[in-house]
Amino acid sequence: MQCIVPWMFTMELKYLVIFAVIDVVFAGKHDIYQGFSVHDVQLRNTADQKILFGMEYQFELDLWEHGMPGQREARVMVSEENRAAFLDALDAEGIEHYVHLTNVPEALEKFDEEQRIWSAGRNNRMIFENFQRYSEINSYIERIAERYPNLVSVVTAGKSFENRDIKYLKISTTNFNDPSKPIYFMNAMIHAREWVTTPVTLYSIYRLVENLRHEDADLRDDVDWIIMPLVNPDGYEYTHTNERLWRKTRSYYPEVNATCYGVDGNRNFDILFNTLGVSANPCAFTYPGHVAFSEPETQYIRDILHEYKDRIQIYMDIHSHGNYVLFGYGDASLTPNAAQLHQVGAAMGAAIDAKKLAKARYYLVGNSASVLYATSGSAQDYGQFVGVPFSYTLELPGYEYSFQVPARYQDQINEETWHGIAASARLAKLYYASRYVPPSPGPSPAAPAPTIAL
């Protein structure tokens, strides 16, 4: 017979309580999505696409992927309450569909479990190999600036709505004082649920600063970089603690709506504001805000674009998912340099495709409204509007996982995307060289008057 002394019983009871609490937390973490399912929708033509988009607000759909007629299916999450009516509406239009996920909470719990195993598997993973939290990301940014003070400086753009610091790095061998060098500005995580995006920016920092390779020396020496890894820290933290599929910021304006939080940051810029691809419902994921630049997070991107617009040659707004390189404008109108935009975007896509997984899609390149759907108030369009020659939205791979890409794929995404970034940066150098006009030398001193002998 086993003898259990009181302290042993107390310890066993303590651990039983802890494990029970953990089980309750994880069991209920994704209950907000109870009854939701995800469906793939086959789009035969643009008419089908317009029909689906018209259903978005009618049935309160969350479009995980908008699809491309004849090439790529749309992917849609719908609530249990609206599912039957939504599927009946598709059937009435003769649009084929099938189930992708029957149980969203179960899929999210599976992702959480794989993430826990991955995180526990090795203690020395690099920060860009996993989905680190806000504090770890900021600590890394600050540490890089401290270790490489002659190359890197950290800037606090300001506070988020919930009072978190939003930081970015400036990387330059000439302290941003050489106007003959173009600036490459990239940011990530405007949309909170797109976890694979921030590690790409952190890996770019790593490749430019900590692990510069001989073949990339020109990228460090001939280009200045502005990298903002985490535009929307409030939303990002909320996806870790409350709603994994939250998309927006976490602002709250009770004078506008007393119950709804957040704004779609990629509809909040002052370009065609509140006209296309948006919802007037403050609770909707595509709500653009009550005014342009209502969000401090989008204001900081605006301010960087204006401060350096004479030198920024490429602005890259990184999202997921779908494998796209997109450019403006969101109303399907084209810029005068559309051919050059397509050339640089195609070079970027081809460089990524050369390194992609066999199961991954090839990147599609083109005008965002023509390739995907019409939008207004996007970061990409605003960058183009204020004068950045090459302003893009980069949509990273989702594979079959959509927003829940496991962390074991992050190394692959980082590496292939870096090759695309490098290709676009080298083309940016060439284009900037033709654009840059050195300052005119000052007037030569007047020659002395000749001496005349009398």
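No lab work stands behind these numbers, since they all come straight from the coordinates. All of these numbers come straight from a predicted model, not from anything done at the bench. No Cβ is skipped: glycine too gets one built from the backbone with ideal geometry, and neighbour counts run over all protein chains shown.
Quick look at the numbers
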{"item": "Hypothetical label at Asn150: residues of the stretch 162-179 whose amide nitrogen lies under 15 Å (7 Å Cα-Cβ projection)", "result": "172-176"}
{"item": "Backbone HN-Hα couplings from phi across the stretch 336-352 [Karplus 6.51/-1.76/1.60, Hz, Gly and Pro as x]", "result": "x, 9, 4, 5, 5, 4, 5, 4, 5, x, 5, 5, 5, x, 5, 5, 5"}
{"item": "Ratio of Rg to Rh over the stretch 127-435 (Cα coordinates, Kirkwood Rh, two decimals)", "result": "0.93"}
{"item": "Total formal charge among the other residues, if their Cβ is under 14 angstrom from that of Tyr98, Lys/Arg +1 and Asp/Glu -1", "result": "-3"}
{"item": "Calculated FRET value between Gln71 and Ser180, using beta carbons and R₀ = 60 Å, to 0.05", "result": "0.90"}
{"item": "Net charge of Cβ neighbours under 11 Å - reference Thr197; Lys, Arg +1; Asp, Glu -1", "result": "-2"}
{"item": "In the stretch 201-287, trypsin sites (Lys or Arg not before Pro) in a DSSP loop with at most 16 other beta-carbon atoms within 10 Å", "result": "Arg213"}
{"item": "Trypsin sites (Lys or Arg not before Pro) restricted to DSSP loop in the stretch 96-173 with at most 15 other C-beta within 10 Å", "result": "Arg122, Arg125, Arg133"}
{"item": "Reach of Lys110 by Cα under 17 Å, taken over lysines that are not fewer than 8 positions away in the same chain", "result": "Lys29"}
{"item": "Rounded, prolate or oblate (a/c below 1.5 giving rounded, otherwise prolate when a/b exceeds b/c) for the stretch 267-335 by Cα gyration tensor", "result": "oblate"}
{"item": "Under Karplus coefficients 6.51, -1.76 and 1.60, residue-wise ³J(HN,Hα) of the stretch 263-276 in Hz, glycine/proline x", "result": "9, 6, x, 8, 10, 9, 7, 8, 8, 6, 4, 6, 10, 9"}
{"item": "Two-site FRET efficiency, Ala433 against Val291, from Cβ-Cβ distance with R₀ of 30 Å, rounded to 0.05", "result": "0.15"}
{"item": "About the Cα centre, charge dipole magnitude for the stretch 32-106 (Lys/Arg +1, Asp/Glu -1 at Cβ), debye", "result": "240"}
{"item": "Amide H contacts under 5 Å for Val365, placed H, 5+ residues apart", "result": "Val325"}
{"item": "Under 18 Å from Lys181, Cα to Cα: lysines that are on another chain or at least 8 residues apart", "result": "Lys170, Lys309, Lys429"}
{"item": "Set of the stretch 363-380 residues, backbone N closer than 19 Å to the point 7 Å along the Cα-Cβ line of Ala332", "result": "365-378"}
{"item": "Projected label distance in nm at Asp165 and Asp270, using a 7 Å step from Cα toward the beta-carbon", "result": "2.9"}
{"item": "Amide hydrogen neighbours beyond the local backbone of Ile312, cut-off 5 Å, H modeled", "result": "Ile183"}
{"item": "Extension reserve of the Ala120-Lys359 stretch, reckoned as 0.36 nm per residue once the Cα distance is removed", "result": "83.3 nm"}
{"item": "Karplus 3J(HN,Hα) series, Hz, for the stretch 76-89 with 6.51 cos²θ - 1.76 cosθ + 1.60 (x for Gly, Pro)", "result": "9, 9, 9, 6, 4, 5, 9, 4, 4, 5, 5, 5, 5, 5"}
{"item": "Residue-averaged [θ]222 nm for the chain, counting only DSSP H segments that reach four residues, each worth -39500 (n - 2.57)", "result": "-12000 deg cm²/dmol"}
{"item": "Residues Ser440 and Cys260, FRET efficiency given R0 of 56 Å [Cβ-Cβ distance, rounded to 0.05]", "result": "0.55"}
{"item": "Virtual spin-label span in nm between Thr173 and His214, 7 Å along Cα→Cβ", "result": "1.6"}
{"item": "Under 5 Å, built H, 5+ apart or other chain: amide partners of Ser251", "result": "Gly262, Val263"}
{"item": "Degrees, to the nearest 10: 104-121 long Cα axis against longest axis of the chain", "result": "70"}
{"item": "Lys, Arg +1 and Asp, Glu -1 on Cβ, resulting dipole of the chain about Cα centre, debye, nearest 20", "result": "1240"}
